[in-house]
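K.L.:
Here it is: the structure, laid out below.
The values are calculated or read from the model by the stated rules, or taken from the named source; none is laboratory data. The structure presented is a predicted model; accordingly, all values stated were derived computationally and were not measured. FYI the Cβ positions are ideal-geometry reconstructions off the backbone, even for glycines, and counts take in every protein chain you see. Areas reflect the complete protein model, heavy atoms only, side chains present, ligands, DNA and RNA absent. Shrake-Rupley method; radii C 1.70, N 1.55, O 1.52, S 1.80 Å.
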Amino acid sequence: MITVRSLIAGCIVAAALPAHAMDYALIAPDKPVQEWSISNDQLGIHDGPPFKVSLRRLSGGRQEGSALIEIDTGAMQLTVVPTRGMNVLRAQVGALRLGWDSPVSEVVNPAFVNLESRGGLGWLEGFNELVARCGFEWLGHPGEDRGELLTLHGRASYLPAHTVVLSIDERAPHRISLKGVLNEQAFKKVDFRIDTELTTEPGATAFTLHDRLTNQSDQPGEYQVLYHSNFGAPLLEEGARFAIPVREVSPFNARAQQELANWQTFRGPAAGYGETVYNVYPIGDGTGQSLAVLHDKRAQRGIALAFNVKQLPVFSLWKNTDSQTTGYVAGLEPGTSFSYNRSLQRDLGLVPTIEAGGTRDFILHYRLLPSAAAVRTALHDIATLQHGHPPKVRQTPLAQEH
Amino acid sequence: MITVRSLIAGCIVAAALPAHAMDYALIAPDKPVQEWSISNDQLGIHDGPPFKVSLRRLSGGRQEGSALIEIDTGAMQLTVVPTRGMNVLRAQVGALRLGWDSPVSEVVNPAFVNLESRGGLGWLEGFNELVARCGFEWLGHPGEDRGELLTLHGRASYLPAHTVVLSIDERAPHRISLKGVLNEQAFKKVDFRIDTELTTEPGATAFTLHDRLTNQSDQPGEYQVLYHSNFGAPLLEEGARFAIPVREVSPFNARAQQELANWQTFRGPAAGYGETVYNVYPIGDGTGQSLAVLHDKRAQRGIALAFNVKQLPVFSLWKNTDSQTTGYVAGLEPGTSFSYNRSLQRDLGLVPTIEAGGTRDFILHYRLLPSAAAVRTALHDIATLQHGHPPKVRQTPLAQEH
Amino acid sequence: MITVRSLIAGCIVAAALPAHAMDYALIAPDKPVQEWSISNDQLGIHDGPPFKVSLRRLSGGRQEGSALIEIDTGAMQLTVVPTRGMNVLRAQVGALRLGWDSPVSEVVNPAFVNLESRGGLGWLEGFNELVARCGFEWLGHPGEDRGELLTLHGRASYLPAHTVVLSIDERAPHRISLKGVLNEQAFKKVDFRIDTELTTEPGATAFTLHDRLTNQSDQPGEYQVLYHSNFGAPLLEEGARFAIPVREVSPFNARAQQELANWQTFRGPAAGYGETVYNVYPIGDGTGQSLAVLHDKRAQRGIALAFNVKQLPVFSLWKNTDSQTTGYVAGLEPGTSFSYNRSLQRDLGLVPTIEAGGTRDFILHYRLLPSAAAVRTALHDIATLQHGHPPKVRQTPLAQEH
């Protein structure tokens, strides 16, 4: 490996890492963000599926200054946006696209967006990802709370990562890890560091996100986090279904209340539908582990999202089954909180505090269910968690928006 | 031509274009914005006036990241700002400058401006162009409408073009076309695409703008557009005059009302004058074609702006004859709307709707009138349109600002 | 020198300068901002201490697009941020750091900050400098004034310099000058140009700031300026003291009132302390020259800040002795104004006007006091200015914030 390492020496971060990990600094303060790529061939790795990781920059329009990191596991092409909170833009498995078609066609550089515009809805000018982080200082609908306008879903998706490191394990199965660090900082206001990590491996059609929030302040602070995980066609279709082990489910608002009976089934695209949202308290196993599944009508394919209710105690199901053009998309959203303005969530106990110097970990596993058998197994796991705990259906919303 | 093409092969977009057009992608997502130029000599074109097109980047201050495209027709040097809505910064014909002297001396990158600042007047921090696009979601004075703060004159001038293509016709007269595409997009809010095109030709002292607005949404939406076309000295001077075929003219507000009698004549620069604005419903010919002229006191030189009242039914005349330092400038502004806040224009029927998937074309032709004869001819054309339709002068403003 | 000049010819600005000054354009509109450096060796200068000036760019996160200019006098390393109002980020003299530890760890590019966010406190998202300029259109706490939200401390620190020129005197002592030009411009609102200059020389542990504000408008305008000069450990410590010749001192608010008796002594770091601020009218000598000193508990080391009360008639002492993590920092702030919102300072006569075409100079000299003797001498100078003018202590704040 030494020869190969020297070829790409400029990118190697640290010799002090485990001998079996090769680390490459893709983004760092003293290094211009540049086109770059590496492959199993370049690394002399031939004992498994081929893989490749590349970085490219985008130019023109509101994309100017944006960067994309593409991880090709051989079986899946994952695209990460370091300039937008290390969000996952999309995943492609053969002909199957995970993600959705937002009317926002550009990968928008945060420098071009004023989150306070449109009455605090500026976030919508860049929203088009498969996984968009919401938080960490706050999330939810825009509105005043304690004298500040909280903008939709916080800043996380608009924080560019300042340090991005790719690690590839020299040893089979050659785990691929992409770490990116976000700062959410303002003097006297907040001092959060978010260490994000996405891991996958050659041949995989799954990936894991592991975020660690650190409160670097010596004052405790409120925080909120939600993983806005969005899926459109082809997984989403009329008759597609959602499953999760439910402790309690309730409609987000009066509108959602009307369709509560069918909250787990999706409609086809309908212009003008807008959205309905359901608030779920999921059930976890003894360690808090829980699972959500979205699958197509015939239960032939789906996506499984594993998370832990000790980290992310609530779950929003966002049914935005509007037209394909406006946005036909389902959001699977494990979080600390629902999507109400923060001011409405304190009474629900959904605005947690992180102590001075404290850390919080959030681990999510996204996995393609490529077959009827895989869907069946995942649904069985959910049924097992549900077993003995009949779901409580609450008819009315937990909070009332103004 | 093949040899020449291969020299600049990296820039050629498509072989599939008409055989007689050479296309160069100046700005594209996968191509860093770079210094570039091409001339008739490089193209081996020698059957007409020399010409040159070049792109350069600006650095430092609020110009960092801005780009300029300069089209030299041999007779006129046109400067276009792709990073500011494909606005036309200025045109120079020999010693004659078309444009004006704004106190804003930089070509401001939209990334550095918060349009909501200064109570919604942030737009003024970058305003210095000969032609500044206003719209397309809204335009007019800042203020609340339907729960959102609409900022002055919308976003068009603050949308960087994401795709810019230069086309030069191989055949005489070697038409030069510069196309740039703007996106005005926000999930659930707006999905507009604006295809802009500026055309001119070697030897010309005129240019045409052709914008096509496409509502890519499957919902109809309101839109507004106005072409803020601005001329200072030397065309503008004390005694300079404005002409247009008038169906109805009215003062924008009480201030303008006082000078209504002289609405077509310009004062010399006067510190503290501020501005007066007149709202005109122009007359078009059978196809809607209309014409506005601004000429100097002695009617020796002028500018003609042709537009179509079926596309742009109203016209604002902005008489900002303040000091040279603060801004001595006249705005000729064909539009769908006047400059009131959108909330005041619905009742005037000046907030049109564009249907789902619909398109709207806006074509404007700017032409130097280089001689007394040319001025005379243009004024005659206006008189012909006016003939038989005595202008109605309305003494009071159409709307009342708060 | 001719040979050396030709080596770096691309950077030389003007031959028309005094024959003994070498000028290098580090930032200019037609020149990409690039890594660059120059040293006494390169210049063939060997008759004094070695020195070096370098420019580097930062990448990633909110630093993307930021630049740093580092001036190493041999005795002191000064870091200037051209992309943030030519602020001085920090100074290092051997092991002694001048500056402070802000929770804001990045050198934030203004493109990523919305000054209106957090109710007008967006400025805090980038605040971490040794010297942060406040002004020039306004400064002070956020709040409405004359129909506009004035954001904290104005825009100066968020104005990137558009022209930066380094000058090195060929003749001993080889004075080093770094000039940067800021524009604060908006059509119909403001047309300020600020020529900043930082000067030092090889071997020095001092530097001078000389700003010239020019009102390029032909209308008079209000302005305000304050030099937020910030020092943390090690100079700041429990028992550290502040001295200035006082005509009148008063507490900024009720909170500061409680600790008025000890206003010149600093506490150790205390989590949750927040801040106290004292408003001082300093005494100057016959020419207006005045002096402020901050020194450590044992009066072994300190910093002297010389300024002129004819230029900067008031002085704020900001005692932010919170925890090291949240910000343990003292601000020495000569200015035209205190830190109240502008709306509260007109009645105090602290919102000066600058006439059309007028200029105002602000000269500040920062000097390390490296020894007990140096501290003693500076304190003696202050005592001399105070002599015969007993300080007036006003028990109540000059203004009341809402």
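K.L.:
Give the dimensionless ratio obtained when the Cα radius of gyration of segment B:247-402 is divided by 2.2 N^0.38 Å.
P.N.:
1.08
K.L.:
Another question about this same structure. Which angle between 0 and 90 degrees, to the nearest 10, do you get for helix C:372-386 versus the longest principal axis of chain C when only C-alpha atoms count?
P.N.:
Roughly 60 degrees, rounded to the nearest 10.
K.L.:
On to the next question. Of the listed peptides A:228-239, B:351-362, what is their order by residue-averaged count of other C-beta atoms within 10 Å, with the highest listed first?
P.N.:
Result, highest mean Cβ count within 10 Å first: A:228-239, B:351-362.
K.L.:
Okay, helix-only estimate at 222 nm for chain A: each DSSP H run of n ≥ 4 adds -39500 (n - 2.57), divide by all residues, round to 500 deg cm²/dmol; what do you get? It would help to have the intermediate numbers written out before the result.
P.N.:
Working: 6 runs with 37 residues, N = 402.
Result for chain A: -2000 deg cm²/dmol, rounded to the nearest 500.
K.L.:
Could you size up the charge dipole of segment C:21-393 around its Cα centre, putting +1 on the beta carbon of Lys and Arg and -1 on that of Asp and Glu, and report it in debye to the nearest 20?
P.N.:
Charge dipole, segment C:21-393, about its Cα centre: 620 debye, nearest 20.
K.L.:
Ignore the peptide's own chain and count Cβ atoms of other chains within 10 Å of each Cβ in C:95-106; give me the average, rounded.
P.N.:
On the way: counts 0, 0, 0, 0, 0, 0, 0, 5, 12, 6, 6, 5.
Mean inter-chain Cβ contacts per residue within 10 Å come to 3.
K.L.:
Can you compute log10 of I(q)/I(0) for segment A:341-391 with the Debye formula, treating each Cα as one identical point scatterer, at q = 0.13 Å⁻¹?
P.N.:
With one equal scatterer per Cα and no solvent, log10 I(q)/I(0) is -0.68.
K.L.:
Keeping all protein chains in place and using 1.4 angstrom, which order do A:L364, A:L344 fall into by accessible surface area, from largest down?
P.N.:
A:L344, A:L364
K.L.:
Give me the percent relative contact order of chain A, please, defined on Cα pairs under 8 angstrom at least 6 residues apart.
P.N.:
15 percent
K.L.:
Could you give me the percent of Cα pairs per 10 Å distance bin for the protein assembly as shown, shortest bin first, beginning at zero and ending with the bin that holds the maximum distance?
P.N.:
Taking every Cα pair in the protein assembly as shown, the percentages come to 2, 9, 16, 20, 20, 17, 11, 4, 1, 0.
K.L.:
Same structure again: If the viscosity is 0.692 mPa s and the temperature 37 °C, what Stokes-Einstein diffusion coefficient in µm²/s follows for segment C:280-364 when Rh is the Kirkwood radius over Cα pairs?
P.N.:
223 µm²/s
K.L.:
Okay, next question. With the cut-off at 1.5 for a/c, could you classify segment C:113-253 from its C-alpha gyration tensor as rounded, prolate or oblate?
P.N.:
oblate
K.L.:
Right, here's the next one. Mind listing the label-point distances from B:G388 to the same position on all other copies, shortest first, one decimal in nm, points 7 Å along Cα→Cβ?
P.N.:
Its label point is 9.3, 9.3 nm from the equivalent points in the other copies.
K.L.:
Go from 0 up to the bin containing the longest alpha carbon distance in segment B:21-393, width 10 Å each, and give me the % of pairs per bin.
P.N.:
Bin by bin from 0 Å, the calculated values are 5, 24, 35, 26, 9, 1.
K.L.:
Residues of B:187-195, mean number of Cβ from any other protein chain within 10 Å of their own Cβ, rounded to a whole number?
P.N.:
5
K.L.:
Could you count how many Lys pairs in chain C have their Cα atoms under 27 Å apart, skipping same-chain pairs fewer than 8 positions apart?
P.N.:
Lysine pairs, 8 or more places apart or on different chains, close enough: 11.
K.L.:
Quantify how strongly other chains surround peptide A:60-72 by giving the mean number of their Cβ atoms within 10 Å of each of its Cβ atoms. Write out the running numbers ahead of the final one.
P.N.:
Details: counts 19, 15, 8, 4, 12, 5, 1, 2, 0, 0, 0, 0, 0.
Mean shielding by partner chains, rounded to a whole number: 5.
K.L.:
Need one number: nm distance between label points at A:Q264 and A:Q300, each 7 Å from Cα along Cα→Cβ, rounded to one decimal.
P.N.:
Placing both labels 7 Å along Cα→Cβ, they lie 2.3 nm apart.
K.L.:
What part of the accessible area of the protein assembly as shown, given as a whole %, is carbon or sulfur when the probe is 1.4 angstrom?
P.N.:
Result for the protein assembly as shown: 52 percent of the exposed heavy-atom area is carbon or sulfur.
K.L.:
Whose amide H sits under 5 Å from the amide H of A:G65, counting only residues 5 or more places off or on another chain, with H placed in the peptide plane?
P.N.:
Those lying under 5 Å, H to H, from A:G65 are A:L58, A:G60.
K.L.:
Using Stokes-Einstein with the Kirkwood hydrodynamic radius over Cα pairs, what translational diffusion coefficient do you get for segment B:121-176 at 25 °C and a viscosity of 0.890 mPa s, in µm²/s rounded to a whole number?
P.N.:
Reported coefficient: 179 µm²/s.
K.L.:
Cut-off 10 angstrom, C-alpha nodes, Gaussian network model of chain A. Which of A:M22, A:M76, A:M86 fluctuates the most?
P.N.:
Comparing A:M22, A:M76, A:M86 in the GNM, the peak value goes to A:M22.
K.L.:
Mind ordering B:156-165, B:389-398, A:45-54 by average Cβ neighbours within 10 Å, highest first?
P.N.:
Ranked from most to least packed, the peptides come out as B:156-165, A:45-54, B:389-398.
K.L.:
Using Cα pairs closer than 8 Å and at least 6 residues apart in sequence, work out the relative contact order for segment C:107-153, in percent.
P.N.:
That works out to 37 percent.
K.L.:
What does the convex hull of the alpha-carbon atoms of segment A:186-241 project to on average, in nm²?
P.N.:
So the mean shadow area of the Cα hull is 6.7 nm².
K.L.:
Here is a further query. When DSSP assigns beta bridges and you keep just the ones with both residues in chain B, what percent turn out antiparallel, to the nearest 5?
P.N.:
95 percent
K.L.:
Could you tell me what a quarter of the Cα convex hull surface of segment A:254-313 works out to, in nm² with one decimal place?
P.N.:
5.5 nm²
K.L.:
Sort C:303-316, C:282-295 for me by packing, meaning the mean count of neighbouring Cβ atoms within 10 Å per residue, highest on top.
P.N.:
C:303-316, C:282-295
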